[in-house]
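J.: Provided herewith is a single structure, encoded as structure tokens, for subsequent inquiry.
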Ligand code: C5P
């Protein structure tokens, strides 16, 4: 039976700007996204013979039916391509915290779409895969492409950027989860006092200047999430040598970027004592979709 093993990378938001509320209920966004080394592992198998979609995960509380985004990706893939599903099995090892602002679920769905495209030899283009992906979730098209990119629209319009300057990333997920929908519901556009300098960050990325990127990192959603813990983690990361620290996506994970590995390791070790979901990782290049 054809099998493929895939790494579904998490993402961080270097910036997240909310430009307004759209008629369809979504928010118009401008986000600079970056893939990181923290990833879920997926073993994908097709033609299992029973025509079913079976999802197994290491997290007992994750649904293994249509409510699981990886399951949805399989269904939509066969629906859109018109190919007959001869049975799919997904073994998913979740390392990326769930409901944490790191696009873990979106990345799983993106990996499944790309994996099925290979195993079924469908030859869908990246644009076609992104088209299917955006029906699953706003972050899925970005997760298909990965690397450093500007995402606009509701997040589905992706413009690749030059690679972000190399750095070490320490991520800390506070001990609670946030629903993306609820965080966006709490946004009052008229109350947004500050916006990130998206163009300035793009220029700093082009100049390969980590300090210039890091000091401009900003997430508009942070001001709508009430949590002292988020502010405390940011302060601790900055005090331990991070060049910048910000909440990722709709939170609550906070990350800091470090130029020095030794400082990143020391921060990771300290924060891990208080927060069990603390990770040390690096930034990653765009996905290889050949
Ligand atoms: O697209 P996705 O299903 O991942 O989005 C989850 C929720 O986040 C949406 O239902 C919507 O409430 C909110 N959202 C938004 N504007 C966006 C993206 C998501 O309001 N651009």
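The values are calculated or read from the model by the stated rules, or taken from the named source; none is laboratory data. What you are looking at is a predicted structure, and each value in this text was computed from that prediction instead of being measured. Using ideal geometry, Cβ is built from the backbone for each residue, glycine included, and neighbour counts are taken over all protein chains shown.
J.: Would you confirm whether or not segment 176-185 contains a residue that is on the phi > 0 side of the Ramachandran plot and exposed (fewer than 14 other Cβ atoms within 10 Å of the Cβ)?
T.: Going through segment 176-185, the residues on the phi > 0 side of the Ramachandran plot turn out to be none.
Scanning segment 176-185 turns up no residue that is on the phi > 0 side of the Ramachandran plot and exposed (fewer than 14 other Cβ atoms within 10 Å of the Cβ).
J.: Any chance segment 112-121 includes a residue that's farther than 24 Å from residue 205 by Cα, surrounded by fewer than 20 Cβ atoms within 10 Å (Cβ to Cβ) and without any contact (Cβ under 8 Å) to a residue 60 or more places away in the chain?
T.: yes
J.: Go through segment 158-211 and count every residue that is within 24 Å of residue 286 (Cβ to Cβ) and in contact with a strand residue (DSSP E or B) (Cβ under 6 Å, 6 or more places away or on another chain).
T.: Residues in segment 158-211 being within 24 Å of residue 286 (Cβ to Cβ) and in contact with a strand residue (DSSP E or B) (Cβ under 6 Å, 6 or more places away or on another chain): 14 in total.
J.: May I ask you to list the residues in segment 1-45 that are outside any strand (DSSP E or B), more than 21 Å from residue 101 (Cα to Cα) and out of contact with any helix residue (DSSP H, G or I) (no Cβ under 8 Å at 6 or more places or on another chain)? Explain how you work it out, then say what you get.
T.: From segment 1-45, those outside any strand (DSSP E or B) are 1-2, 22-26; that's our starting set.
If we keep only those that are more than 21 Å from residue 101 (Cα to Cα) too, we end up with 1-2, 22-24.
Answer for segment 1-45, where residues must be outside any strand (DSSP E or B), more than 21 Å from residue 101 (Cα to Cα) and out of contact with any helix residue (DSSP H, G or I) (no Cβ under 8 Å at 6 or more places or on another chain): 1, 22, 23, 24.
J.: Return the residues of segment 216-237 that are in contact (Cβ under 8 Å) with a residue 40 or more places away in the chain and within 19 Å of the chain's Cα centre (by Cα); say none if nothing qualifies.
T.: Initially, segment 216-237 is screened for residues in contact (Cβ under 8 Å) with a residue 40 or more places away in the chain, giving 216-221, 224-225, 227, 229-230, 233, 237.
Result: 217, 218, 219, 220, 221, 225, 230.
J.: Right, here's the next one. Every residue in segment 75-123 that is in a helix (DSSP H, G or I) and farther than 16 Å from residue 5 by Cβ, please. Talk me through it step by step, then tell me what you get.
T.: Of segment 75-123, the ones in a helix (DSSP H, G or I) are 75-81, 104-119.
Selection gives 75, 76, 77, 78, 79, 80, 81, 104, 105, 106, 109.
J.: Take residue 212 and decide whether it is buried (at least 16 other Cβ atoms within 10 Å of the Cβ), more than 16 Å from the ligand (Cβ to nearest atom) and either closer than 17 Å to residue 13 by Cβ or at pLDDT 95 or above (or both).
T.: Values: buried (at least 16 other Cβ atoms within 10 Å of the Cβ): yes; more than 16 Å from the ligand (Cβ to nearest atom): yes; either closer than 17 Å to residue 13 by Cβ or at pLDDT 95 or above (or both): yes.
So residue 212 fits the description; yes.
J.: Can you work out which of the residues in segment 161-175 that are within 20 Å of residue 102 (Cβ to Cβ) and in contact with a helix residue (DSSP H, G or I) (Cβ under 7 Å, 6 or more places away or on another chain) is surrounded by the fewest Cβ atoms within 10 Å (Cβ to Cβ)?
T.: 161
J.: Let me ask something additional. Considering segment 187-207 alone, what residues qualify as being more than 16 Å from the ligand (Cβ to nearest atom), modelled with pLDDT of 95 or more and part of a loop (DSSP other than H, G, I, E, B)?
T.: 194, 197, 207 - these are the residues of segment 187-207 that are more than 16 Å from the ligand (Cβ to nearest atom), modelled with pLDDT of 95 or more and part of a loop (DSSP other than H, G, I, E, B).
J.: Still on this model: From the list 7, 58, 13, pick out the single residue that is free of Cβ contacts under 8 Å to residues at least 60 places away in the same chain and more than 16 Å from residue 136 (Cβ to Cβ). Before you say what the answer is, go through the steps one by one.
T.: Working: 7 fails: free of Cβ contacts under 8 Å to residues at least 60 places away in the same chain; 13 fails: free of Cβ contacts under 8 Å to residues at least 60 places away in the same chain.
Among 7, 58, 13, only 58 is free of Cβ contacts under 8 Å to residues at least 60 places away in the same chain and more than 16 Å from residue 136 (Cβ to Cβ).
J.: Report yes if some residue within segment 49-70 is within 19 Å of residue 156 (Cα to Cα) and either within 20 Å of the chain's Cα centre (by Cα) or surrounded by fewer than 22 Cβ atoms within 10 Å (Cβ to Cβ) (or both); otherwise report no.
T.: yes
J.: Let me ask you something else. Mind listing whichever residues of segment 1-55 are within 16 Å of the ligand (Cβ to nearest atom) and at positive phi? Outline the logic, then answer.
T.: Applying the first criterion (within 16 Å of the ligand (Cβ to nearest atom)) to segment 1-55 yields 8, 10-11, 13, 15-33.
Within segment 1-55, 20, 25 meet the criteria.
J.: Grab the strands (runs of 3 or more DSSP E) fully contained in segment 132-186, keeping just those with 2 or more residues being near the ligand (Cβ under 8 Å from one of its atoms). Spell out the reasoning first.
T.: Numbers: elements: 148-153, 157-160, 168-172.
No strands (runs of 3 or more DSSP E) qualify here.
J.: Please state which of the following conditions residue 241 fails to meet, knowing it meets all the rest: (1) in a loop (DSSP other than H, G, I, E, B); (2) within 30 Å of residue 5 (Cβ to Cβ).
T.: (2)
Listed here are the residues, each with its yes/no results for (1) surrounded by 17 or more Cβ atoms within 10 Å (Cβ to Cβ); (2) over 22 Å from residue 95 (Cα atoms).
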| residue | (1), (2) |
| --- | --- |
| 220 | yes, yes |
| 232 | no, yes |
| 243 | yes, yes |
| 266 | no, no |
| 270 | no, no |
| 282 | no, no |
| 285 | no, no |
| 289 | no, yes |
